[in-house]
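Here is the structure we will look at, set down as structure tokens.
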Amino acid sequence: MPSRRHFLAGSAAAAGLAALPRAAQAAPAPVAEDTAPPHLVVILADDLGYGDLGAYGQKLITTPRIDRLAAEGLRFTDAYAAAAVCAPSRAALLTGLHTGHAAVRANPDSGGQGALGAGDTTFAEVLRARGYRTGLFGKWGFGPEAGDQPSHPGARGFEEFHGYIDHGHAHQYRPSYLWRNGAKETLPAGTYAPTVIAESALGFIDAHAAGPDPFLLVLTPNLPHAPSEVPDVGAYAARSWTQENKAHAAQISLLDAQVGAVVDRLTAHGVADRIVVLIASDNGPHEEGGVNPDLFDANGPLRGYKRNLYEGGVRVPLIAWSPGRIAPGTVSARPTPLYDLLPTLADLAGAPAPADIDGLSAAPVLTGAAATAPLHDHLYWYGTSRASPPGPTPRTAGGPRRSRRRSARTAGRGSGSPPSGTGPRPTRSGGSSCTTWPPTSANSATWPRRTRPSSPP
């Protein structure tokens, strides 16, 4: 069976696509000859909790633009990051591989971090082979800090890149430089990077909205990751909160404004009826740098935060907006890990996805045929951060702060939950967590598995 890299090389030509054995997980959704493939926008927030948006119950922080997209589109109630920390979650999202198979399983502060290599195909590479123009703006998160190496966004399918390569560098909101494609670009002292990055993303839309080719825009701001740094706390200045909490709330509202600016620019170019926008987060809310997630109820009805293998650490918002494609007010309780994005985007674009991935396409959920969407028979997490055992416990350095928060898969769920008795049941062994539930035979899926080492890289 060809590797993902062989798949990509073959997919550069249409004839090669047809000739590759087992080249696709499933036949892509047909695209009519007179229908152009959609433009695709993926916006990935950094440490945005399940309860941080108004559409998911937030009461203190205002997010009107994202809330409107949820009301006009599709809100997933059971979407999951592939890890409770940034780097492995992002690697899984890009490659369609869960953390048992992906090259990156940990953040650098957990004993070393892997990098994407020549054998790792991202959804940008799949879409480039379909003729998409591709750009990523913001946090990449996989070193090394160099321009000419296989883990660079430019080597992984993105024609344009402006932002941070290295995980640690992305912790700086006012860095001395950002990467512009393969070179460092010096910034004036005091420049607030999220604003510059957002402007580059809008410029990408300006450059390609009127062009003949479809485009993939991936916007990955480091908002609202710690530290709580923002130009202005705005509407939260009069709140009787700590400065850190005011700034954190302002970071989320700034993220909301940036999402709104993207939608406004797409609308101004007249391409809103040809667009699919996906908004998600890489893991649960953080409790770092003086921020108190309890103040905001940032994990909603769930237990745990970022770094915890509880629902609050991995269940995340996921919103899809596509006028004319998605009916307003749609809600889906399909358990949807973010490593489903690669096959989903491929399906929407009419492109084949590699066979040896873990993701399953959620495109039918977006196109009004949710009953035909394949379901996972298990979800998998690999954990390196310490967490408390289930049950009432005091807070520990790695465990959840609120003992009243329950593991939602075992002790109750928020809205949109599967009926009692049909939901997944988590099991733990060593550093991994595998959640299973019996799928119907019609929704079961099998595909060739790539053999991966069982130990972290």
Using the heavy atoms of the protein chains alone and a 1.4 angstrom probe, what is the accessible area of region 71-188 per residue in square angstrom?
27 Å²
Using a 1.4 Å probe on the protein heavy atoms only, what accessible surface does S240 show? Give it in Å² to the nearest 10.
120 Å²
Per-selection metrics, region 77-218 (Cα): Rg and Dmax in Å
15.1, 46
In region 102-197, the GluC sites (Glu not before Pro) that fall in loop regions by DSSP, at most 14 other Cβ within 10 Å:
E145
Output needed for region 179-245: three equivalent-ellipsoid semi-axes, defined as square roots of 5 times the C-alpha gyration tensor eigenvalues, in descending order, whole Å.
31, 16, 10
In the neighborhood of A298, defined by Cβ-to-Cβ distances under 10 Å, what is the net charge if each Lys or Arg adds +1 and each Asp or Glu adds -1?
-4
Please list, or write none, the lysines whose alpha carbon is within less than 21 Å of the alpha carbon of K184, excluding same-chain residues fewer than 8 places away.
K139
Set Lys and Arg Cβ to +1 and Asp and Glu Cβ to -1, take the dipole of region 190-302 about its Cα centre, and tell me which of A238, N299, A257 lies farthest positive.
A257
Neighbourhood charge, 15 Å Cβ-Cβ cut-off, centred on G147 and excluding it, Lys, Arg +1 and Asp, Glu -1:
-3
If you add up the charges near I319, with Lys and Arg at +1 and Asp and Glu at -1, over every other residue whose beta carbon is less than 12 angstrom from its beta carbon, what do you get?
0
Quick one: length gained pulling D232 to A327 fully straight, 0.36 nm per residue minus the C-alpha distance?
30.6 nm
Roughly how many Å² of H98 are accessible to a 1.4 Å probe, to the nearest 10?
10 Å²
Take the Cβ-Cβ distance between T242 and A189 as r, set R0 to 22 Å, and report the resulting FRET efficiency rounded to the nearest 0.05.
0.20
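The values are calculated or read from the model by the stated rules, or taken from the named source; none is laboratory data. Here the structure is a predicted model, which is why all the values come from computation and not from measurement. Because the Cβ atoms are built from the backbone with ideal geometry, glycine has one as well, and the counts that use them run over all protein chains shown. Protein only, heavy atoms only, side chains kept; ligands, DNA and RNA dropped before computing areas. Shrake-Rupley method; radii C 1.70, N 1.55, O 1.52, S 1.80 Å.
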